[in-house]
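Quick notes on the structure that follows.
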Amino acid sequence: LMVFDNGLRHTPPHTRAAEYAIDEVHKTATLVWEYEPQPMVFASFIGSAERLSNGNTVIGFGAVGQIDEVDPVNNLLGRAFFKEGGKTALFYRAYRLPTLYKYQAP
């Protein structure tokens, strides 16, 4: 189970993405992976986490306009900031899209 944890109850408040293994027999959840950006951010509402087919994860910190992509061992591969008119813009969810263009050899 992959979740976007807004971190409202963390001290200090900070946001992360977390993945849990669910044991339905014993009714337990075990943390198996997490990503906390550096420097820490606090997106108190709206955000997303998406695991890609190559094992990378895209995390959208929507309330602060930040999008990170990390590999399976949390190496930061890319960071983007969503802005409008030079100011931070909010977004609901971030998706990694395949290219909109098909490459053709010259």
*Does region 28-43 hold any residues that are open to solvent by 50 Å² or more (accessible area, probe 1.4 Å) and either touching a helix residue (DSSP H, G or I) at 6+ places or on another chain (Cβ under 9 Å) or not in a strand (DSSP E or B) (or both), and which are they?*
E36, Q38, P39, M40, F42
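Out of region 78-104, which residues are of a type in the set (S, T, Y), open to solvent by 100 Å² or more (accessible area, probe 1.4 Å) and closer than 17 Å to I59 by Cβ?
Residues of region 78-104 that are of a type in the set (S, T, Y), as a first pass: 88, 92, 95, 99, 101, 103.
Now narrow it down to the ones that are open to solvent by 100 Å² or more (accessible area, probe 1.4 Å): 92, 95, 99, 101, 103.
If the condition is that a residue be of a type in the set (S, T, Y), open to solvent by 100 Å² or more (accessible area, probe 1.4 Å) and closer than 17 Å to I59 by Cβ, then Y92, Y95 are the ones that fit.
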*Would you pick out the residues in region 57-71 that are touching a residue at least 24 places away in the same chain (Cβ under 8 Å) and either open to solvent by 30 Å² or more (accessible area, probe 1.4 Å) or not hydrophobic (A, V, I, L, M, F, W, C) (or both)?*
T57, G60, G62, V64, G65, Q66, I67, D68, E69
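The values are calculated or read from the model by the stated rules, or taken from the named source; none is laboratory data. Computed from a predicted structure; not experimentally measured. Neighbour counts run over all protein chains shown; Cβ positions are idealised from the backbone, glycine included. Protein only, heavy atoms only, side chains kept; ligands, DNA and RNA dropped before computing areas. Shrake-Rupley method; radii C 1.70, N 1.55, O 1.52, S 1.80 Å.
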